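Only the coordinates and a few stated rules stand behind these numbers; no lab work does. Given the structure is predicted, the values throughout are model-derived calculations rather than measurements. Cβ sites come from the backbone with ideal geometry, for glycine too, and all protein chains shown count toward neighbours.
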Amino acid sequence: MSEVLISRPIHQLAPLLEKREISPVELFDEAIERIHQLQPKLNSFITITEEDGRKAAIEAESEIRKGQYRGPLHGIPISIKDLFATRGIRTTAGSKVLAEWIPDYDATAVARLHQAGMVLVGKTNMHEFAYGVTNDNPHYGPARNPWDPTRVSGGSSGGSAAAVASSQCVASLGSDTGGSIRTPAAICGVVGLKPTYGRVSRYGAIPLAWSLDHVGPLTKSVEDAAIMLAAIAGTDPKDPSASSRPIADYRKDMKGGVRGLRFGVPRQYFFEHVDPEIRKFVSAAIHRLESIGATSVEVDIPALESCAAMEAQITLAEATSYHEPYLKKQPNDYSAAVRTNLEAGRYLLATDYVKSQRARTLLQRNFNEAFERAEVIISPSLPAFPPLVGEVWVQSGEMREHVIDAFLRFNIPYDLTGFPAISLLCGFTASGLPVGLQIAGRAFDEITILRVGLAYEQSTSWNAASS
Amino acid sequence: MPTNVLVRLMSRRKWIQRSGVGTANLLFTPTLLAQEQPLEVTIRSMATLTGTELGNSWLQPTAGLVGTIVAYSQPLRALDLGSIEPATYFKAD
């Protein structure tokens, strides 16, 4: 019984909580029991907030009993990536530099989840300062893959993805600068949504690169991603990049199905150097979408070969700018890999940084041309499977490459353009590892990628919620 | 040089070698190797400019990474962006 409730998605639990058929305290107890059971094996958390979480669960129970039900997140056990400031709770960003930092404020997204009635169960493990793709953290230990604990969970929101996949919580909040929501979501077999740049406030999220950082949810289902997005989206005077565009009714409008929808398949770049088993599952997903009424069209997106350089130039320059004071005061508290990146950021040319920022507009134009022919673009989320903990090489089809190069490749075009993208499960390999399908859409058109994701998810016999 | 940095550096070289177009990319590797030594000298000489004296143990990996990024930024530098301005969220109010 104890695993039955906590393994269910938000959209199934919320009506039960509202009708008082289950209690937030009961759900919280299941989550905590599961965390204590799995923490030694998976190391998904840096801080477990058992005491505060229990108080919140008791309060949620009391409010619901009095008829003060706040909505679908009320009483739901949620974890937060340790990148987000949480008032009164240690926030490390996975680093030694901030190991003792206790903020006196909440990040905007965290504050909105509190307003929606979440029960915070803990702060999840992450790659040091979100500067990496494996979540092999030298200070707090690696966040391990729930499907194969000898492998990495992906990063940088690896603890969040692993915690959701292994039902240590029902949903999590993550961030994505070069795929840090979608990569671990794909690896752990859950749903990861990177909304449009500006859709969710970045205030209170320790930056990696201001102009590339996105905040978004990791969940057990596409509908849950819509519920989380609705809670955290919206303008914020504390974040100059936060958009004041109206927020759609995601949950209602995503249910239209895909009949008549055209989706683009970019054979170049997104289907090159891909593991054959991943390619097979993504091709099957494409056929599945066609079988439920959508039409595929081939699309070609120029200038993608410059994405890796653009991402590197922007991330290194912006990250070094942010970290400069810490780098002066506590240089030895950084890992060698992160410190090398930060040191290198001082010696790149300003002209290359500005050119990268200019080239983002070109990339947006090129994608927008493709979006004139197709409402969404489909690709694999990743070209390769996660390496063993401590390993850095992966096999992307015929090409052996570094895990950073492999895991950034299909993700960074959407961080650079700012366009929304979601990763969801599209199958399991013979060895039991999940495969991720990426669906990307036009700026601020989260509805359409959620609609396609939901239609696909409902057409399969398995989904992340059953994991 | 820390192993992970060296490995990443080697990986990027391989990626450059394999992901581009034929013989033009083969030219990157010797160029890159040749760049690293002068880059260390350049970085050392920039201490006045950056206000940071980079210790010996960090000089080589840093120069290696900078050299790699500069090398694979060649397609970016070759892009003709016409009158496109950088995207920015800076607001005057």
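What GluC sites (Glu not before Pro) in region A:377-421 are in a loop by DSSP, with at most 15 other Cβ atoms within 10 Å of the Cβ?
Working: sites: A:E391, A:E398, A:E401; in loops: A:E391, A:E398.
Those satisfying the criteria are A:E391, A:E398.
With a 10 Å Cβ neighbour count serving as the proxy for reagent exposure, in which order, fewest first, do A:S160, A:S23, A:S167, A:S244 appear? Present the calculation step by step, with values, prior to reporting the outcome.
Details: A:S160 40, A:S23 19, A:S167 23, A:S244 8.
Ordered by Cβ neighbours within 10 Å, fewest first: A:S244, A:S23, A:S167, A:S160.
Arrange A:E63, A:E51, A:E375 by Cβ neighbour counts within 10 Å, fewest through most, would you?
Working: A:E63 16, A:E51 8, A:E375 20.
Fewest-to-most Cβ neighbours within 10 Å comes out as A:E51, A:E63, A:E375.
Report, in order of residue number, the helices in chain A meeting two criteria: a C-alpha extent of 18 Å or more along the helix axis, and a mean Kyte-Doolittle hydropathy of at least 0.0; treat each whole DSSP H run as one helix.
Details: long enough: A:24-42 (26 Å, -0.35); A:50-65 (22 Å, -1.29); A:276-291 (22 Å, -0.18); A:307-329 (33 Å, -0.26); A:350-373 (36 Å, -1.13); A:446-459 (20 Å, 0.31).
For chain A, where a helix must reach 18 Å along its axis and average at least 0.0, the hits are A:446-459.
When DSSP assigns beta bridges and you keep just the ones with both residues in the protein assembly as shown, what percent turn out antiparallel, to the nearest 5?
DSSP beta bridges in the protein assembly as shown are roughly 70 percent antiparallel.
Which lysines does A:K355 reach when only Cα atoms under 29 Å apart count, and residues fewer than 8 places away in its own chain are ignored?
A:K194, A:K238, A:K328, B:K14, B:K91
Region A:67-93 to region A:366-396: how many Å between their Cα centroids?
After rounding, the separation between the Cα centres reads 30 Å.
At 222 nm, what value in deg cm²/dmol follows for chain A if DSSP H runs of at least 4 each add -39500 (n - 2.57) and the sum is divided by all its residues, to the nearest 500? Intermediate results must be reported in sequence, preceding the final value.
On the way: 16 runs with 186 residues, N = 467.
After summing the helix terms and dividing by the residues of chain A, the value is -12500 deg cm²/dmol.
Sort A:D253, A:D239 so that the residue with the fewest other Cβ atoms within 10 Å of its own Cβ comes first and the one with the most comes last.
A:D253, A:D239
Per residue of B:53-63, count partner chain C-beta atoms within 10 Å of its C-beta, then hand back the mean as an integer.
Numbers: counts 0, 3, 2, 0, 1, 6, 1, 1, 7, 9, 3.
Shielding by partners across B:53-63 averages 3.
What are the trypsin sites (Lys or Arg not before Pro) within region A:191-268 that DSSP puts in a loop, where the Cβ has at most 16 other Cβ atoms within 10 Å? Present the calculation step by step, with values, prior to reporting the outcome.
Working: sites: A:R199, A:R202, A:K220, A:K238, A:R251, A:K252, A:K255, A:R259, A:R262, A:R267; in loops: A:R199, A:R202, A:K220, A:K238, A:R259, A:R267.
Those satisfying the criteria are A:K238, A:R259, A:R267.
Which is the longest stretch in chain A that no exposed loop site breaks, taking sites as chymotrypsin sites (Phe, Trp or Tyr not before Pro) with a DSSP loop state and at most 14 other Cβ atoms within 10 Å? Mind showing how you got there, number by number?
Working: sites that count: A:W101, A:Y105, A:W462.
Longest stretch, sites excluded: A:106-461.
Cα gyration tensor of region A:2-460, axes a ≥ b ≥ c as square roots of the eigenvalues: rounded (a/c below 1.5), prolate (a/b > b/c) or oblate? Please report the intermediate quantities before stating the final value.
Details: a/c = 1.42, a/b = 1.12, b/c = 1.27.
Taking the square roots of the gyration eigenvalues as a ≥ b ≥ c, region A:2-460 is rounded.
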